[in-house]
Amino acid sequence: MKHIPENTEHSRPTDPDLPFYSQVTSVNSPLRRKPRLTFTRLLIAIVSLILIGALLVAGFSLFKSNLFPSQTSVGATAGTGAWHTSGSQILDANNQPVRIAGVNWFGFETNTLVVHGLNVRNYKDMLNQIKSQQYNTIRIPYTNQLFDANNTPSGIDYTKNPDLQGLRGLQLLDKIVGYASQIGLHIILDRHRPSSAQQEPLWYTAQYPESRWIADWQMLAKHYRNNTMVVGADLHNEPHTPACWGCGDPKLDWQQAAERAGDAILTVNPNWLIFVEGVECYPSANANKQTSGNCTWWGANLKGVKEHPIQLKIANRLVYSVHDYPESLYPQPWFKESTFPQNLPGVWDSYWGYIQKQNIAPVWVGEFGSRLQSEKDKQWLTSLVSYLGPGANGFNWTFWSWNPDSGDTGGLLQDDWTHLNQEKQNYLKSILYPFKEIQKPTSTPTQSPTTPPTSTPTAIATSGDLELQYMSGNGNGPTVNQIQPSFKLRNGGNSSLALSTVTIRYWYTADGTQAQQTWCDFATLGCANLNQRIGMVSPPRTNASHYLEIAFTAGAGNLAQGQDTGEIKVRFNKADWSNYNESNDYSFSASGVGYQPSSRVTVYINGKLVWGSEPT
């Protein structure tokens, strides 16, 4: 975001891996007469050494647990370990889906050189409040100036934060990162600007050249590489004109610079995610900003990814990132169109949404926010939250900001730094993703042949019966490492229906013999009220060797006449995450936008086919 504090210049520490506070002194003890060695003294010496060794081990363990806490201490079933990507999905070390849903807490990039609000509250209290509101990640902006020698932080009440007394730079960052990690909050570090003076369009300045930018990133990657709660690097905040994408000029080409920095970071810490923001204008950095389609928010134009994608030397580490804001920050052309706000999804699709929807890579909306003081701002936020979508397959996001002192947007906290802005929190509730509530996968390591249904393949449903609506979560496919169908079931009959009598089958070809597993990402009825299994069709039918079957528990209740179940978003994959070819899947359809009736997904009541046609 746009904070313009005053500038202070400092010198660079000699070794980036040894911050300025890492000083060791030695004291020589006075000479003593060598004592006479006896058995008793020898025994005492041995016992003393054992005790000293035990104390050293315990002390090191305590230090390590504070800075690099155990993942099991937070009790979460997902989000553990180092993260990686697969297609458009972020996955944890156990290949469980991860969705970033968090907040920005800024200050380390400003002239205070520490997160804001510590003059009012204790930092642990602040982090506990973030965690209590169901956020799973914090984005922490910083400036390279933070790591200069002899800088002095300001804005800390040490009576409220006594353990921060005398600390600065990386020491202060360690305190925030350490406690956030301890309570289960993941951290994304954001190099927001080179100095604290202002936001820069390019990733370097004369005072902070590219070499310093990369060296500081490598220092941080090495420093935190044993703490998997620090998940990655947002390389540079909001590149904008004259920054270009794929233009070939090494001094201006952000795409090339991001690859250089990303690869350098991964040589030090191969487990980090690399978050790469876009530029302002494409294909030309000097395009007319009032001509629709040329330019957007700083860092939010990723149109160039189609022709010039980021290619890192280590695969499955890339996440693209953008920022988005309402008209109150700047009157972008699309806010003036007569179709606003219905035009917004198309705008987002064209600049960045296509990347995730086409399974190219995950997308993270690293900043969005507003004071919500106009109706158009509220319409914008309503549309964006809807576009981001619920569940594990939605876009990743961090709201700007936790701080109330962001001049143009305000924050999630009110101006007292204590009470929550409930209106903003209510907007975000539907897209929160606390890891402790993630549904564990129903694994099917081996499959037994399943007798094909004996019912006739002709549906007996009429216009007044059940209707199955389907939408592909894989876009046009066809080569994917997980199949992501979404369903809605509508009761058009004259009476309510017990959902526990209903099953749904999605037919496909497994393209291999590997074990498969199923996941529920979101269900309006609650994932706990669904049961999933993979069935094998023996002998195989046309374009169907298997089916995914969804059944409902008694807890799903009844489906009233004229009502639907709401969204049911599920997915399945092979145990080795190898690819499927959806072009030979009976139930797959890439046509249409949104939910459409599909006769190739079948529905049964008490085992009797009532909707759709089975494969022959």
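Observations, loosely collected:
- Qualifying residue in region 573-595 (condition: closer than 25 Å to T479 by Cα, free of Cβ contacts under 8 Å to residues at least 40 places away in the same chain and hydrophobic (A, V, I, L, M, F, W, C)): yes
- Looking across region 125-177, not a single residue is among the β-branched types (V, I, T), part of a helix (DSSP H, G or I) and open to solvent by 10 Å² or more (accessible area, probe 1.4 Å).
- Whichever residue in region 519-553 is of a type in the set (G, A, S) and in contact with a strand residue (DSSP E or B) (Cβ under 8 Å, 6 or more places away or on another chain) and, among such residues, is nearest to F588 (Cα to Cα): A544
- Restricting attention to region 216-248, the residues that are over 21 Å from I310 (Cβ atoms) and part of a helix (DSSP H, G or I) total 3.
- Matching option when the condition is open to solvent by less than 10 Å² (accessible area, probe 1.4 Å), over 19 Å from F106 (Cβ atoms) and not hydroxyl-bearing (S, T, Y), among A206, A180, A221: A221
- Hey, I188 part of a strand (DSSP E or B), among the hydrophobic types (A, V, I, L, M, F, W, C) and either open to solvent by 10 Å² or more (accessible area, probe 1.4 Å) or touching a strand residue (DSSP E or B) at 6+ places or on another chain (Cβ under 8 Å) (or both) or not: yes
- Residue count, region 256-293 (criterion: of a type in the set (V, I, T) and open to solvent by 10 Å² or more (accessible area, probe 1.4 Å)): 3
- Candidate set from region 224-249 (those that are touching a helix residue (DSSP H, G or I) at 6+ places or on another chain (Cβ under 6 Å) and under 18 Å from G299 (Cα atoms)); member that is most open to solvent (accessible area, probe 1.4 Å): G246
- Qualifying residue in region 229-243 (condition: under 26 Å from Y135 (Cα atoms), out of contact with any His (no Cβ under 8 Å at 6 or more places or on another chain) and among the small types (G, A, S)): yes
- Close contacts from region 463-483, counting a first residue that is surrounded by fewer than 18 Cβ atoms within 10 Å (Cβ to Cβ) and a second that is polar (S, T, N, Q) and in a strand (DSSP E or B), with Cβ to Cβ under 8 Å and a gap of 6+ residues or different chains, come to P478/N581; T479/N581; N481/S86; N481/N573.
- Cross-chain or 6+ apart pairs with Cβ under 7 Å, region 391-418 first and within 15 Å of Q133 (Cβ to Cβ) and open to solvent by 10 Å² or more (accessible area, probe 1.4 Å), then β-branched (V, I, T) and not in a strand (DSSP E or B): W417/V120
- Number of residues in region 141-179 that are in contact with a strand residue (DSSP E or B) (Cβ under 6 Å, 6 or more places away or on another chain) and among the hydrophobic types (A, V, I, L, M, F, W, C) equals 2.
Residues checked against (1) outside any strand (DSSP E or B); (2) among the small types (G, A, S):
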| site | (1), (2) |
| --- | --- |
| K569 | no, no |
| F572 | no, no |
| S578 | yes, yes |
| Y586 | yes, no |
| A590 | yes, yes |
| G594 | yes, yes |
| T602 | no, no |
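The values are calculated or read from the model by the stated rules, or taken from the named source; none is laboratory data. Predicted model only: the values in this text are computed from it and were never measured. Glycine gets a Cβ as well: all are built from the backbone with ideal geometry, and neighbour counts include every protein chain shown. Keep in mind that these areas ignore ligands, DNA and RNA; they rest on the heavy atoms of the full protein, side chains included. Shrake-Rupley method; radii C 1.70, N 1.55, O 1.52, S 1.80 Å.
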